[in-house]
Each structure stands twice: as structure tokens, then as C-alpha cells.
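Quick notes on the structure that follows.
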Amino acid sequence: MKGLIGFYRRLDLLQQALWFRVAASILAVAACGAFFGPLISRSYGLEAQRATLLAAVLDPALKEQHAASLRQSGTIEAGGRVYGGPGLAERVDVVLDEAGNLVAPRVFVEALLAAERPAWTPQWLLEQPGTTWLLAGVVTAWLLLIIWMRVAVPFALTVLGTGVPVAACWMLGNEQAMLAFAGIGLLTFTFVLLTRAVLIGLSPSYQPLAVAHTVIKEASRIRLSVVFIVLLLVLLPLLPLGLDPEAPLRFRIQSFISRSLGLTYFIAATMTLVLSCATVAFEIRDRQIWQLMTKPLGRLNYLIGKWLGVVSINLVILVVAGVSTFTFVQYLRAQPVAPGLGGQLDALAVRDEVLTARLGRWPDYDTLSGDQLRLRVDEMVRRDPNLAASKEMSLGVRQQLAEQLQQDYLTGQRWIPPGAARRYRFSGLEAARQHNSTLTLRYRFHILSDDEHQTFPAGFMFNDLSNTRLRRTYTPTMSHMLPVGSSLITEDGTLTVTVANLYQPAPNQRGLGAINFDEDGFELLYRVGSFEGNFFRAMLLTWIKLAFLSMLGICCATFLSFPVACLFSFTIFIAASLGPFLAFSLEEYYPTADRSNFGLVILWLFQSAVRFLAQVMVFALGAFGEHRPTQRLLEGRLIEWMSVLGGFVRLGVIWSGLALGLGYAVIRNRQLAIYSGQG
């Protein structure tokens, strides 16, 4: 035992030597360059071939030539090179539809490039050069941190300790368990490494930084904080074990993103509120704050330092969890899909519906002009005896009638009777046409009793071209996706979609069976950015929300005990999270206007008070619940920088600033330390 301890001490002295750190750094950079350099070079080469192939297969003038070549020899020529082979000719019915169009051009291109990829490297590292550069930078920085923070020996011990269960799982052929055990070891070590790096960054002798430095050390001593952190580091790598290997790939990826980011946010938010309440409330309760307030430490600096400490811990948690989630998503995206057309559509959905950043366009609906609304309001007043009998009609009543008429007119355009068809025009698609973005038509129809156990037929046609007619079945109330080629977008950036209701009602259902959909139930989505940038913005927005929660907990702890502060801050957190649902409910919640007896008056007062309190909560805390980055990631929707900036201003500046001001006002006027004048 003494020999092992002595050997460890000699290794520790070795890793602290300057020459060792310089030599190890050169070796680490050289190793990363040797591994990632060829990958990056090959990735750029494949990207150029991908662009050439995609331009060739999307060229309408070469459509018939490509279709004939694929049916005869299973090959296609692009950029002076021939891709494919006889094996593709045997599966040409899966690649081409009846009209000779490629079912999924981007997936087809990736299949052609499969033979160009080296077999020794993970496929997902070659799909996007940006991702490969990002991973190379992260790995290099991680190795340099290990070397220069003098933790190379603990890292080697972690690798050895983790390698035993990993090797056992590898021998048993359980790849998922192998990744889980490796993830637990690496995440735990990375969390400790980044925490030590943050402590070094907070070491300057500036009052808020000194307080933040103490908070991070304090978090390791508070058992509740440690429990939450350990839970996250252990559960996060185990999440892939719960994925259904038989499910479509897009559902597996969406499930993993939802579970991993949801678990990270829930544990981080809970830990943030508990830690931020505890770090102030316990010091006041145990009178430790006496020693601080009697020293030249400003109370504002004290609160800011506490907030910086909790925010820094959240940053470490999000970096560790974010890199882990992002890396495993990239691993999942390269997993094989089911054979046949269904597998191709699944791969297309992964690329263009999930791991992307899309904007949505709704149809250009007609609206009634001001003159038309006035005429219709006058006609409604003449036909309604109650309205016609009123001597004076206020401007507010006429405005409500006009809004109702406008809403009914728009609703009528989202109504398609059986056997009828309606044309919808989408505009503003110039960017999608320029970048050859694959469009996705998302529709969610309602019909009859909205029985989710039934399916109904519908037809689609684009730009009134008969060769684009499609027949699809849909399930009411469920969202369906239909890929649309960007070549259908006209030069002025418009696309016309005709929807036909092919349902044939029974004789006893005469007048029934019309298709209708909500305002957001018919949408055209197109790619405008990458998943990588969208993921980064999602994590940044999550960090902003956690920063507000940390200031909320600190503020509550300045005037409440720890249990009450936790209860109060968690109540605000839950109410803020439910803000959007509460706002939606308020649209249908109106107090009863009947005041014919005392009981109804009491009921009206109660309902009015409830509605007023709900409106105040929505106004005050609605911004917190409106920002739902995980949901937008799951839907593949763009998280705009303006949304991040808006969250930063509203949550990170205004509401966090108000909480800081309230906490400062309380702690400034609170008697925290008493000096007797003796001793």
C-alpha cells in the first residue's frame, strides 16, 4: 500500500513539472490534429460532392436522364464522376416514385456518398464540417485543461476505473451499457474539472468574485446540492438505455432530446432554487453573516456574489449536459434506419424536420376591408331585433361585432366541405428557393367527431400541376408531415397548395364531414439554419432562465427562512412555467354577468378576483413560460437571436434586476449584526 502511495506521489510531482505539461500539451495537440485533421479535410470533400450531387438530382432538365440511368444500371453521373452501382438498380422502386421523381433527394445523395466515407471513422463526424471542427476544439481544450490544471493522474485513474465495466459490457456485446458507463465516468470527471476551472477564474480579490468562490465551495458541502448534481451525472448517461430500438429514428432522437434536456432543466432548476435559498438563509440563521456584514463587504456586492456563484454552477452543469446530449444526438443520427421507403422518409425527417432550424409560413388569408366590415356590421344590426332596438350603440360593441365577423370570415377559409377543394397561397419563400431547402407541409385536420381511431382521405396538389397530385390519409387532431421539393417554389417566392376533401359521407351524414383546421394547423416549414446553432441558443436561453431563478431564490431568502423561501420561490417558478397555459385559459374564462341575486353577485366578485389575479400573474411572469427552447428544438424550429436577446432583457435584466433591488432593499434595512461594544 505504501508503495502505491509513493508511486502516486511521484506521478503527481511529474504532472506538476513545467516540462511535462509543455510536452504533454504538444503531444495532445498533435494527437488531435492527427485524428481530426483528415476527418475535417474529408468532411469538406464530401460536402463539395454532396452539393454537386444535390444540384444534379434537383435539376429538372436532367430528371428523365437520371431516372433512365438509375433503372438501367443503378448509377448517376454528376461532376464528371459516376455514383451508385448495380445494387441500386435492384432498389430503384424505393428511390423513384411512379412519375420518376426522387422520393427523398437528400437521403438519396447520402446513400450515394456512403461508399466515399472511410470505414474507420464514425459516419456522423463526416456529415458536417462545422460539427467536426466544434468537436475537435472541445476535445483539444478539454485535454489542455486536464494537463495544465494538473489532474492528468486523476484522469488516468478515472479512465482505468471506468474501463473495467466498459470492457465487460463490450465483451457482452451491449453497446448501450458500454456508452452509459463511459458517460458516467467522463461526465463526473468533466464536472469536477470545470468546477475547478471556474474556482480559478473566480479567485481574484474582487468582493463579488470572492463571495461567488465561496458559494461554489459551499455547494459541495450542502448535501441537497450534491444529491441533485450526482443524480444528473448518473441519470443522464443512462437515458439512452430507455430508447426503443424498434421505433423510427426520428422518434428516438426526439425522445432523447426531450428526456435529456428536460431532466437537465428540472434538476438544475430545483438545485438552483434550493441552493440560492440555502446559501443566504443558512448564513442568516446560523449568524455567519455577522462576520461578513461587520467587514468591508457591501451588501449589494454580497448579493451579486451569491448570484454569480449559483450562475457559475449552472453554467458548468449546462456545459457538461449540453456537450453530452449534443454528442449522443450526433451518434444517434448516424444509426441505420429501416429498409425501404419508410426508412428513407425516416432519415429525411431526421435531417429536415428534427435536426434542423426551420421557419414556418402560414397561408395568405383574405381579410375584410374596413368598408366591408362596416356594411356587414350594419346588416347584422338590422337583422338582430335586440341590437336594432337599442337607441345608442357604443363604439366598443361595434368593434366587438367587427372582430367577430373578421374571425368568422377567416374561419370560413379554413373549412373544406366533402368533395370540395380550396387553394392556399404561401408567400415569402425566396430564401427557401435560394438554398434549395426541403419544404415540409404540416397539417392537422379536424373532421366529424375527431375520432383518433379513424383515418380519412385527403388530396394535395401544388401550383395547379396535375403531375403533383398526392393522396394521403390522415388521423384527426394529429399532425402529419408531407415533404415538398423546393423546385416547386415560383420565382416570386410563392407556392400554391390545393387541398381536397376526399371524404364521402354516408346518406345519413348529409351536410357533415367537412375538413377544418386551426390557425396554426396548416403550415409550410423550411430550413434556415443548423441544428448546432439552434442547440447553442437553446442552452443559452435555458441558462438565462436559471439565472433568473437563482436571483429569485436569493431575494426570497433575504426576508424568509429557508423552508418558506423555498416554498415561495417554487410557487413562483411553477406559476411562471404555467403562464402560457394560464393565458390561454383566460381567453375562455369570463365572470358571470348575471347579478339578479346576492349569490350570483358573490360568484361574480369571486370570478372577477380570480381573473384579475391570473391576469397579473400572466403579465408579470408570462415571459418565463413563453420561452420553451426544448420544445422548439423537438419541432426543429428556429430559436432566433432576437428571442434570446428578448429573454435576456426581460428575464436576465428586468426581472432579475427587480429581484436584486428588492433583496437589496430588504437586507440593507435588516439588522443582521449587533456589536455590544465589549470584548
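Could you point to the residue in T571, P336, I253 farthest towards the positive end of the chain's charge dipole, with +1 and -1 charges on the Cβ of Lys/Arg and Asp/Glu respectively?
T571
Neighbour counts of other C-beta atoms within 10 Å: give me C566, C32 arranged from fewest to most.
C32, C566
I'd like the Karplus ³J(HN,Hα) series for the stretch 77-86: coefficients 6.51, -1.76, 1.60, θ = phi - 60°, whole numbers in Hz, and an x wherever there's a Gly or Pro.
Result, rounded to whole Hz: 10, 7, x, x, 10, 10, 10, x, x, x.
Output the direction-averaged projected area (hull surface divided by four) of the convex hull of the alpha-carbon atoms of the chain, in nm².
Spelled out: convex hull of the Cα atoms, projected over all directions, averaged, 45.3 nm².
Over the chain, what is the relative contact order in whole percent, taking alpha-carbon pairs under 8 Å and six or more residues apart?
For the chain, the relative contact order is 14 percent.
Where the centre of each part is set by its Cα atoms, how far does the stretch 182-257 sit from the stretch 487-522, in angstrom?
The distance from the Cα centre of the stretch 182-257 to that of the stretch 487-522 comes to 48 Å.
Give the residue list of trypsin sites (Lys or Arg not before Pro) in the stretch 487-541 that are DSSP loop and have at most 10 other beta-carbon atoms within 10 angstrom.
R510
First select every other residue whose beta carbon is under 12 angstrom from the beta carbon of I667; then total the charges, Lys and Arg +1, Asp and Glu -1.
With Lys, Arg at +1 and Asp, Glu at -1, the neighbours total +3.
Could you tell me which of L441, M271, I654 has its Cα farthest along the dipole of the chain towards the positive end, charges placed at Cβ (Lys, Arg +1; Asp, Glu -1), taken about the Cα centre?
Farthest along the dipole direction, towards plus: M271.
Relative to the Cα centre, what is the charge dipole magnitude of the chain, using +1 at the beta carbon of each Lys and Arg, -1 at the beta carbon of each Asp and Glu, and rounding to the nearest 20 debye?
Dipole of the chain, to the nearest 20 debye: 2540 debye.
If I model a spin label at A197 and K2 as a point 7 Å from the Cα along the Cα→Cβ vector, what separation in nanometres do I get?
Placing both labels 7 Å along Cα→Cβ, they lie 4.0 nm apart.
What percent do you get for the relative contact order of the stretch 462-591 when only Cα pairs under 8 Å and 6+ apart count?
15 percent
Test of understanding: ordering W19, W362 by Cβ neighbours within 10 Å, fewest first, what list do you get?
W19, W362
A168 label point, 7 Å along Cα→Cβ, cut-off 20 Å on backbone N: hits in the stretch 241-273?
Only 241-242 fall inside the zone, counting backbone N under 20 Å.
How large, in Å, is the stretch 370-530 by the Kirkwood hydrodynamic radius built from its alpha-carbon pairs?
Computed over the stretch 370-530, the radius equals 18.4 Å.
How much mean residue ellipticity at 222 nm does the chain get from its helices, if each DSSP H run of length 4 or more adds -39500 (n - 2.57) and you divide by all residues, to the nearest 500 deg cm²/dmol?
That comes out to -20000 deg cm²/dmol.
Mind checking which of I5, G459, V22 is farthest towards the positive end of the chain's charge dipole, using Cβ charges of +1 (Lys, Arg) and -1 (Asp, Glu) about the Cα centre?
Most positive-ward Cα: I5.
With helices defined as uninterrupted DSSP H runs, which ones in the chain have an alpha carbon span along their own long axis of at least 24 Å and mean Kyte-Doolittle hydropathy of at least 0.0?
Helices passing the filter in the chain: 18-57, 129-148, 152-172, 175-201, 249-285, 299-333, 531-557, 598-626.
Counting only other residues whose beta carbon sits under 12 Å from that of R632, what net charge do I get with K and R as +1, D and E as -1?
Charge balance near R632 sits at +1.
At each listed q (0.12 Å⁻¹), what is the log10 of I(q)/I(0) that the Debye formula gives for the stretch 178-265 modelled as equal alpha-carbon point scatterers?
-0.51
Read-outs throughout are calculated quantities, based only on the coordinates presented, and are distinct from any laboratory measurement. Just so it is clear, the model here is predicted, and its values are computed rather than measured. Glycine gets a Cβ as well: all are built from the backbone with ideal geometry, and neighbour counts include every protein chain shown.
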